[in-house]
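Below you'll find the structure, written out as structure tokens, and then a few comments.
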Amino acid sequence: MTQVLLENVSVQFLRYREPPQIALDHTNLSIEEGEFVCLLGPSGCGKSTLLNVLGGLFPSSTGKISVGGKSVSQPGPDRGMVFQNYSLYPWLTVRGNIEFGPRLNNWPAAKIATITDELIDIVGLKDYAGQYPKVLSGGMRQRVAIARALAMEPHVLLMDEPFGALDAQTRSRMQELLLDIWSRKRNTVIFVTHDIEEAVYLADRVLVMSTRPGRIIEDFKIELPRPRFAEVVASEEFTQYRRRMLHLLRH
Amino acid sequence: MTIAMSEAEKMQGSSERRPQNLVTQRIVTYLRPRALLSSGERLTISAFGVLLFFGVWFLVTEAGWIQPFFLPSPLSVTKRLFEMVASQGYLIDVWASVYRVFGGFIIAALAAIPTGVLIGNFPFFRSLLEPLLSTARYLPATAFVPLMIIWLGIDESQKIAVIFIGTFFPLALFIANISEGVSNDLLNSAYTLGASSRQVFFRVLLPACVPSIVDALRITAGIAWTYVIVAELVGADKGMGIAILQSQRFLLTDQVIAGIAAVGILGVITDLLFRLAHRKLFPYMY
């Protein structure tokens with residue numbers, strides 16, 4: 001079933017005394033339910049713009065967007081978002097951050113408690129549930145942010161370079177954790193990155209984007225077996241995908 | 001020049017050609033921008049600065065280089081301050097001023113916090129209020145004293161009004177700036193969790209900027225203390241400002257200085273109380 005559908009979507013930024021900048025050229029895209037899709041491209045290619053339009057944080061200039069059959073114009077809890085800089089609420093504990101969404105939406109207390117406990121367990125922060133974000137490492141903060149987005153049980157998880165600020169080891173562990181969570185929850189994931197290896201390692205599909213105007217230039221199906229582990233990076237197929245994407249991004 | 005030299009010397013290490021003594025080495029360090037000093041060293045330097053100030057003051061007065069009429073020694077100022085408190089009912093003056101300062105300041109804060117938060121986050125209110133407010137900031141609060149006397153007479157309300165005018169405008173713009181600085185991502189993540197405008201305002205925006213607002217109050221409280229003297233120029237029979245003015249009329253220089261010092265001490269105490277409250281209220285920041 002099609003989960004995310006973009007028809008003729010474009011984004012233009014109006015500029016003073018200059019022709020409008022086309023951040024995202026007319027784009028058609030269809031993403032299946034439960035698919036893990038990576039948007040890959042250099043900075044300025046409109047991948048974050050596309051994500052923000054999907055999240056309802058930025059209006060598109062033309063076209064139609066629908067998620068789960070419903071038309072999108074505003075942000076909503078059916079599309080959870082995770083940002084690069086974590087953006088946790090510093091005045092709330094780990095638990096408080098995760099249950100923030102359900103509380104806003106007045107879910108029953110018992111349900112909130114069950115979901116929060118489960119998520120704290122999944123992201124491995126049981127010992128830190130009562131701590132404030134300030135004392136957590138970058139990787140831990142991002143785990144809280146992921147759990148917070150998942151608490152609303154979104155159909156689609158939108159992730160904007162979530163591991164971009166992490167060191168290489170932490171990033172690799174977070175990728176494994178994300179795949180583990182995804183294999184349990186089976187949300188649709190749209191993941192923005194500029195890291196080819198990250199894209200190939202995580203995704204079912206990698207959409208390579210190019211800049212000026214921002215558009216999708218290639219749609220790769222990644223047919224590496226799952227579950228994937230860090231060793232897959234060394235395989236022949238992986239190298240093949242990587243070489244082809246590198247070639248695209250260079251030219 | 002100094003930077004380049006000190007860097008070069010650091011590279012040379014122990015085998016440098018020109019051996020330096022400890023004092024030159026410290027001076028070179030002190031002249032390096034953003035040099036790292038231990039907390040002990042910083043404390044020592046602070047103590048040195050304070051002691052130097054009082055030392056010079058003590059020296060020039062006790063040696064008789066300056067007449068006590070112009071500048072009494074720190075000892076006699078301290079003694080006079082204790083006498084004022086012990087036998088001249090100075091605490092009544094202190095209370096009168098504290099009352100005015102906090103009266104005016106609290107009213108200003110109650111008005112400035114909502115004004116600032118609205119300007120900082122709602123383009124409508126920004127367009128509506130900012131031109132007036134940023135102009136008003138340049139109007140000298142002291143110039144409002146005559147107007148306040150015409151409007152309010154010369155009782156307490158006039159004095160509180162002067163403090164209010166002196167602190168409201170800078171505080172409102174300060175808070176506008178702070179609340180505008182709350183990261184968009186923080187708001188956006190709340191929107192994507194299904195928050196309404198109202199929920200984003202009360203449950204994200206306000207908690208996110210309250211700690212900085214308390215800090216802004218601390219800084220602005222200092223301004224309130226400086227206006228208390230002007231506020232008491234007319235029609236006050238007690239207060240720390242009028243106490244200083246009366247001492248000047250009787251040429252009691254030591255009492256003038258003691259009065260000024262007392263305002264300073266109360267200012268520092270206010271500052272400390274705010275810092276303490278900040279730590280207690282926002283433990284997640286420390």
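Just a few scattered comments:
- For chain A, DSSP calls about 55 percent of its internal beta bridges antiparallel.
- When each of the peptides A:108-116, A:49-57, B:208-216, B:31-39 is scored by how many other beta carbons lie within 10 Å of its residues on average, the order from highest to lowest is A:49-57, B:208-216, A:108-116, B:31-39.
- Those chymotrypsin sites (Phe, Trp or Tyr not before Pro) in segment B:66-172 that DSSP places in a loop and that have at most 14 other beta carbons within 10 Å: B:Phe69, B:Phe70, B:Tyr138
- Solvent-accessible surface of the protein assembly as shown, averaged per residue with a 1.4 angstrom probe and all protein chains in place: 53 square angstrom.
- Counting only residues at least eight positions apart within a chain, or on another chain, the lysines with an alpha carbon under 29 Å from that of A:Lys111 are A:Lys70, A:Lys126, A:Lys134, A:Lys185.
- For segment A:79-153, the fraction of C-alpha pairs more than 14 angstrom apart is 52%.
- Antiparallel DSSP beta bridges within the protein assembly as shown, as percent of all bridges there, nearest 5: 55
- Of the DSSP H helices in chain B, those whose Cα atoms cover at least 27 Å axially and whose Kyte score averages 0.0 or more: B:39-62, B:90-121, B:156-180, B:206-231, B:253-281
- Working from Cα pairs under 8 Å separated by at least six residues, relative contact order for segment B:84-285 is 26 percent.
- Value of [θ]222 nm, deg cm²/dmol, for chain A, DSSP H segments ≥ 4, -39500 (n - 2.57) each, nearest 500: -10500 deg cm²/dmol
- Scattering curve values for the protein assembly as shown, log₁₀ I(q)/I(0), Debye with Cα scatterers, q = 0.12 Å⁻¹: -1.14
- For B:Lys79, a cut-off of 26 angstrom between C-alpha atoms picks up these lysines, skipping any fewer than 8 places away in its own chain: B:Lys238.
- Sum of side-chain charges, A:Leu29 neighbourhood, beta-carbon under 13 Å (Lys, Arg +1; Asp, Glu -1): -2
- Segment A:13-60: trypsin sites (Lys or Arg not before Pro) in DSSP loop, at most 16 other beta carbons within 10 Å: A:Arg17
- What the phi angles of segment A:192-209 give under the Karplus curve with 6.51, -1.76 and 1.60, with θ = phi - 60°, is a coupling list of 8, 7, 10, 9, 4, 4, 4, 4, 5, 5, 8, 8, 7, 9, 10, 9, 8, 10 Hz, glycine and proline written as x.
- Measuring gaps between exposed loop sites in chain A (GluC sites (Glu not before Pro); DSSP loop; at most 15 other Cβ atoms within 10 Å), the longest gap, sites not included, is A:34-222.
- Peptide A:83-89 has a mean shielding of 5, counted as Cβ atoms of other protein chains within 10 Å of each residue's Cβ.
The values are calculated or read from the model by the stated rules, or taken from the named source; none is laboratory data. Just so it is clear, the model here is predicted, and its values are computed rather than measured. Heads up, the Cβs are rebuilt from the backbone with ideal geometry, glycines too, and the neighbour counts pull from every protein chain shown. Keep in mind that these areas ignore ligands, DNA and RNA; they rest on the heavy atoms of the full protein, side chains included. Shrake-Rupley method; radii C 1.70, N 1.55, O 1.52, S 1.80 Å.
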